[in-house]
Amino acid sequence: MRQLLTLLIALALLTASVPVLLAQSSQPTSQQTDQKKDVTVYITRTGKKYHRAGCSSLRSSSIPISLKDAKAKGYTPCKICKPPQ
């Protein structure tokens with residue numbers, strides 16, 4: 001009987017927290033959006049794509065740039081390393 005009561009309490013606590021977790025993950029907050037734009041990505045001297053650090057496409061050059069600036073300059077995300085968008 002005691003185990004059943006413990007199980008019911010645990011289930012009630014889990015069930016109560018699910019809507020809160022779903023609400024938090026549904027829409028990015030403006031702070032999360034701002035942080036995403038402060039992310040550093042990398043470009044090359046001659047390419048048109050931006051990359052994550054360590055991408056195999058960065059062998060010839062690797063120039064750090066903010067995600068926001070890279071997008072403003074017309075760079076698009078690399079399909080190999082899939083950097084943040």
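The values are calculated or read from the model by the stated rules, or taken from the named source; none is laboratory data. All figures in this text were calculated on a predicted structure; none of them were measured in a lab. Here the Cβ positions follow ideal geometry from the backbone for every residue, glycine too, while neighbour counts run over all protein chains shown.
Summary table below
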quantity: Failed condition for Lys79, given (1) surrounded by 10 or more Cβ atoms within 10 Å (Cβ to Cβ); (2) modelled with pLDDT of 65 or more; calculated: (1)
quantity: Qualifying residues in the stretch 49-65 (those that are out of contact with any strand residue (DSSP E or B) (no Cβ under 6 Å at 6 or more places or on another chain) and hydroxyl-bearing (Ser, Thr, Tyr)) - the one modelled with the lowest pLDDT; calculated: Ser60
quantity: Any hit, the stretch 8-17, residues being over 16 Å from Cys81 (Cα atoms), in contact with a helix residue (DSSP H, G or I) (Cβ under 9 Å, 6 or more places away or on another chain) and modelled with pLDDT under 80; calculated: no
quantity: Residue pairs meeting the criteria (Cβ under 9 Å; at least 6 apart or on separate chains; first without any contact (Cβ under 8 Å) to a residue 24 or more places away in the chain, in the stretch 49-63; second of a type in the set (Phe, Trp, Tyr)); calculated: Ala53/Tyr42; Leu58/Tyr42; Ser61/Tyr42; Ser62/Tyr42; Ile63/Tyr42
quantity: Of residues in the stretch 18-41 being within 15 Å of Gln85 (Cβ to Cβ) and not in a helix (DSSP H, G or I), the one modelled with the lowest pLDDT; calculated: Pro28
